[in-house]
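Here is the structure we will look at.
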Amino acid sequence: MPRAVNDDVVVTRARWTAGAVAVASLVVACSNAPPAVTSGSPAISGSLAASPTPSPLFTLTPGLFGHLPAASPATLKTTLEISCVGDVGDTDPVAVVTIRGRTGEFLRDYADSASPRNFCSFGPGIVVNEILDPHHVVIESPIPAVVQLPSGPTFELGIHGKLVAVAPDLSQLLWVSRANPPTLHDTWDAGDVLIQPYPPFGKACMDADTASRYGAFSRDGRYGYALWDQGATTPTYLNVVGNRVAVFALPPPAAGWGALGGPRMAVWSPIKEQLYYEQQGNLWTWTPAGGSSRLKSGVKWIDPAISPDGKRIAYAVRGANGLSIVHLMDAGSGADQGTVSSDGRKRPFFLTNDLIWLKGDERGCTVNQRSTFVYDLRDQTETQSSLDHVWATWPSTSALGG
């Protein structure tokens, strides 16, 4: 998804391109021999008076990470600083965010939406691109790995290319090789399946209206999609896997997709095995039992996101005046439920069922506005947000990150 590194240039991020609370510094080491324990880092919240306490350095623990393939040998020889405060509930809504005026990324808990709190912080150079559940996140930098929170081990993933998605049940992952041609793989600890060869990689900077994540698994981990969209000059593919085999594919026709383009901006329902995507200016869904079917005609959506309860879809549309506006749709019927906020908003993320984070409009490879907002569906009000960016949410889903 597009990431504004300095609010001047949009580049791809996930697309390759309780009681007395103590602070535990999770220092993640992927080498076989962990270095000595170091003390914790400062608390995330300045209001917490508890002193930091050290936590051990964890080595690779395969038994805790299902059937994910392990890196051999591990490549990370330095430590990563990840600090967590207390704990969160297994069903708490959480989001990976960056906060205005602060360094690094944060995993923020929205169980109390009126007073959200930062659960974990990730230091400079650590990029979190996926939330598997409130206690497991995927990082893609400096190495692809799964980290267990608040003080659990890390697991460096054994792939030789670019990570697409990790199954929440830790049964498998999708990745694309850097070979010629690039090829989609479904890999686990005891096997690897080649799913789809792709055309060469496209340009590094993608149009902000079309760039989305490369793939994701359904929340139960049984099905995963990969979306190969490298820009207007490169053919677009949508591939779905289930039980580690290909179950659905939309490759480009011999004559190409044409001006309206191929499949794009895909997003899973957070409550069932249903994939939504746009193709040729129409919205489609795919389910294992029913296959693909058209949900709504004449909608070219941008940045779709689905509420945690799976009932609403928020998405942006580029208007005739050149500005984008965020719409709401019933996720079951496709019925329009009006718009939120005003013109010049996009990148919606559901923080909760009632709160939608929004970003000022952006087009092409440049950012046109720096402002961010939170829209409350309960009273239809919009307020300024302290968050510079939302990168991923859970259990809500998004075409940009989840």
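The values are calculated or read from the model by the stated rules, or taken from the named source; none is laboratory data. What you are looking at is a predicted structure, and each value in this text was computed from that prediction instead of being measured. Don't worry about glycine lacking a Cβ; one is built from the backbone with ideal geometry, like all the others, and counts go over all protein chains shown.
Taking the criterion of being more than 20 Å from the chain's Cα centre (by Cα), in a loop (DSSP other than H, G, I, E, B) and among the hydrophobic types (A, V, I, L, M, F, W, C), the only residue of segment 297-317 that qualifies is Val299. A single member of Gly152, Gly202, Gly191 is more than 20 Å from Val128 (Cβ to Cβ), modelled with pLDDT under 95 and not polar (S, T, N, Q), and it is Gly202. Among the conditions (1) farther than 21 Å from Gly261 by Cβ; (2) surrounded by 15 or more Cβ atoms within 10 Å (Cβ to Cβ); (3) of a type in the set (D, E, K, R), Lys346 misses just one, which is (1).
Quick one: in segment 377-401, of everything that is surrounded by fewer than 16 Cβ atoms within 10 Å (Cβ to Cβ) and β-branched (Val, Ile, Thr), which residue is farthest from the chain's Cα centre (by Cα)? Among those that are surrounded by fewer than 16 Cβ atoms within 10 Å (Cβ to Cβ) and β-branched (Val, Ile, Thr), it is Thr381. Any idea which of (1) over 27 Å from Ile131 (Cα atoms); (2) in a strand (DSSP E or B) is the one Ala320 doesn't satisfy? For Ala320, the exception is condition (2). The set of residues in segment 302-337 being at pLDDT 95 or above and farther than 19 Å from Leu400 by Cβ consists of Asp309, Lys311, Asp330, Gly332, Ser333, Gly334, Ala335, Asp336, Gln337. When we screen Ala255, Ala246, Ala226 for residues that are part of a strand (DSSP E or B) and either touching a Ser or Thr at 6+ places or on another chain (Cβ under 7 Å) or farther than 27 Å from Trp391 by Cβ (or both), the only hit is Ala246. Selection within segment 121-177: residues that are of a type in the set (D, E, K, R) and assigned to a strand (DSSP E or B). The member of this set that is farthest from Phe65 (Cα to Cα) is Lys162. On inspection, Val267 qualifies as part of a strand (DSSP E or B), surrounded by 15 or more Cβ atoms within 10 Å (Cβ to Cβ) and either in contact with a strand residue (DSSP E or B) (Cβ under 9 Å, 6 or more places away or on another chain) or among the charged types (D, E, K, R) (or both).
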